[in-house]
1. How about segment B:20-67: which of its residues are under 18 Å from A:GLU192 (Cβ atoms), assigned to a strand (DSSP E or B) and of a type outside the set (A, V, I, L, M, F, W, C)?
2. When you go through (1) in contact with a helix residue (DSSP H, G or I) (Cβ under 8 Å, 6 or more places away or on another chain); (2) away from chain B (no Cβ under 14 Å) one by one for A:ALA74, which number turns out not to apply?
3. Find all pairs meeting these conditions: Cβ atoms under 7 angstrom apart; at least six residues apart or on different chains; first residue within segment A:357-371 and in contact (Cβ under 8 Å) with a residue 24 or more places away in the chain and surrounded by fewer than 18 Cβ atoms within 10 Å (Cβ to Cβ); second residue assigned to a strand (DSSP E or B) and not hydrophobic (A, V, I, L, M, F, W, C).
4. How about segment A:164-217: which of its residues are away from chain B (no Cβ under 14 Å), out of contact with any Asp or Glu (no Cβ under 8 Å at 6 or more places or on another chain) and not aliphatic (A, V, I, L, M)?
5. Of the numbered conditions (1) crowded, with 20+ Cβ neighbours inside 10 Å; (2) of a type in the set (A, V, I, L, M, F, W, C); (3) not in a helix (DSSP H, G or I), A:LEU432 satisfies every one except a single condition; which is it?
6. Looking at segment A:339-346, can you tell me whether even one residue there is in contact (Cβ under 8 Å) with a residue 60 or more places away in the chain, under 19 Å from A:LEU416 (Cβ atoms) and hydroxyl-bearing (Ser, Thr, Tyr)?
7. Considering only residues that are crowded, with 17+ Cβ neighbours inside 10 Å, over 11 Å from the mean Cα position of the chain (by Cα) and closer than 13 Å to B:GLU56 by Cα, which ones fall in segment B:27-44?
8. Is it true that B:LEU36 is in contact (Cβ under 8 Å) with a residue 24 or more places away in the chain and at the interface with chain A (Cβ under 7 Å from one of its Cβ atoms)?
Amino acid sequence: MNNNYLKLMKRKNEIMKKSVGIDYSLFESGSIAFDYEAMMEKVGYSLDEIRKIQEETGVGNTPMYELRNLTKLARSLAPTGKGAKIFLKDEASNPSGSFKARRAATAVYHAKKLGFTGVIAATSGNYGAAVASQAAMRGMNCIIVQECYDSEGKGQPEIIEKARKCEALGAEVVQLSVGPELFYTFLKLLEETGYFNASLYTPFGIAGVETLGYELSQQMIDHTGKNPDAVVITNAGGGNLTGTARGLIKAGADKTEIIAASVNLKGLHMASDRDFNKKSFTTGHTGFGIPFTTVPDRSDVPRSAARPLRYMDRYVTVNQGEVFYMTEALAQLEGLERGPAGNVSLAASFVIAQNMGENQTIVVQETEYTGAGKHIQPQLTFARNNGIEISLGNPIDEVPGKTIILPAHPSIIKVLDLDLDKLRLSLIKNSLKEINNENYKNLTDKDIKFLADETKSSIKTVKNFIKDIAL
Amino acid sequence: MIAKKGDWVRIHSILMEAGNRATGVPADTSNVPYELWDKGFLISDKAEIGEEVEIETITGRKIKGTLLETNPSYGHDFGEFIPEIILIDKQLKAIMGGLAQ
């Protein structure tokens, strides 16, 4: 392997510390535990501060729609008396076209305050446009690093569109072929430019999403007189879920069920050149959702502020064909044309609503912008041209990378529940691996309490999990 | 085609050769090079496509690579017509029409 590569990777922590301005060691215990809440408090901003920061650049205060026709359709498919009212928070109304503007707003504000002249973010998603937009507003340079092409130089139309948008908003876009070496290029750019690392996973980035949860609660109280019974959140890196849930809790909505939803991409390898263009979703899928849920610190900062398993009550998956279908239904029945990737939680909500009472409410927590490339037609065209078979049928038969099955009728759209206990066990196992503690006898009370918080479980449950692992 | 100094161009470079990729990369990825694409203003007086050139990117960085094209544009669009979608539309309208009555 390349010598420069290894040398640079060795300087990782030093580069990180300089480029995010956070000394993560302050929150470490020396063992598994680290003080998450202290990190969020000391490094982040208060909700009021963030509201002010976001107001300066027109971020947030997005509309809440009641999806009357989709509710009607869901009720027609549900047992008598069932079918919660479905609401949708239209995050596409943010300046850059997605909720990511909230994360970028605080990151870029913070970078400017610390005296950085530019920001860098590694993302093929909506976050790139969000950082570019906020950087333009605050007069800063911006570089977006994208994993974009396979070895034949073919790129997902959705990613090409995001590159275009970043450039339209004044950013330099560094495009790369498939592979985890992206992180190396990212570090190299941070070192070369001295710019701020506008990571998705810093405390200020995640705190930026808290306003989403807070607004959502207030809007639902305005619309219905109470907090929603459930909020469905598309889950990939976990920041959307973490921030929204924290915001809901701060608004007093502590009874609201937090449901994660991802597109099922089972069997596709995320670092595979061959698989790269076999998927039709570049984010919001299980390929990110599951690893980031069970190993939150796999992100581009030493300690991720996105820790979704702390807040998750349920985790469901839907298939690609179902999300495309619901994207079309949202346009046709509600008059809202939005991007497919943002509609993962919509597809899940449509199904979940059918098992809730008529007097209950469920909120689809985001939407994203749509346009050339980032739209059901070009994405399905790209899939078809890559040998993916597209048909109408039962989505349960869909095989990621081989077929996309659009539901032949809305009644056959289903969600699949992931076993949260399995994910919890997996997180604990992964945490134990980190310390190389084979007999698990040196764990402190603090470690156990930390693992309980990390998995939204009791101390007793964690102890039982550890006993199971030891066996 | 010849690019002139100051033209907006797109370049390409290979950062890691095939077989020399990071450890833990899947075999199919390891067997292909790790590549980069970027855009900027041409610094050299003139250059042919395929020549090694230096550019200044929009953030002012100076980088080298192989000249791919001048005045690069975007080719993405709204794709081809997907016949299944219009059937979904038709069915949804029919179901909703039935519910309204």
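Values quoted throughout were computed directly from the atomic coordinates according to the rules given, and no laboratory measurement underlies them. Computed from a predicted model, the values in this text were never measured in an experiment. Quick reminder, even Gly has a Cβ in these numbers, built from the backbone with ideal geometry, and neighbours come from all protein chains shown.
1. B:TYR34, B:ASP38, B:LYS39, B:GLY40, B:GLU54, B:GLU56, B:LYS62, B:LYS64, B:GLY65 - these are the residues of segment B:20-67 that are under 18 Å from A:GLU192 (Cβ atoms), assigned to a strand (DSSP E or B) and of a type outside the set (A, V, I, L, M, F, W, C).
2. (2)
3. Qualifying pairs under 7 Å: A:GLY357/A:LYS82; A:GLU358/A:LYS82.
4. Across segment A:164-217, the qualifying residues are A:THR202, A:PRO203, A:PHE204, A:GLY205, A:GLY208, A:GLU210, A:THR211, A:GLY213, A:TYR214, A:GLU215, A:SER217.
5. All conditions are met except number (3).
6. Yes: segment A:339-346 contains one or more residues that are in contact (Cβ under 8 Å) with a residue 60 or more places away in the chain, under 19 Å from A:LEU416 (Cβ atoms) and hydroxyl-bearing (Ser, Thr, Tyr).
7. B:GLY40, B:LEU42
8. Taking the combined requirement at face value, the residue satisfies it.
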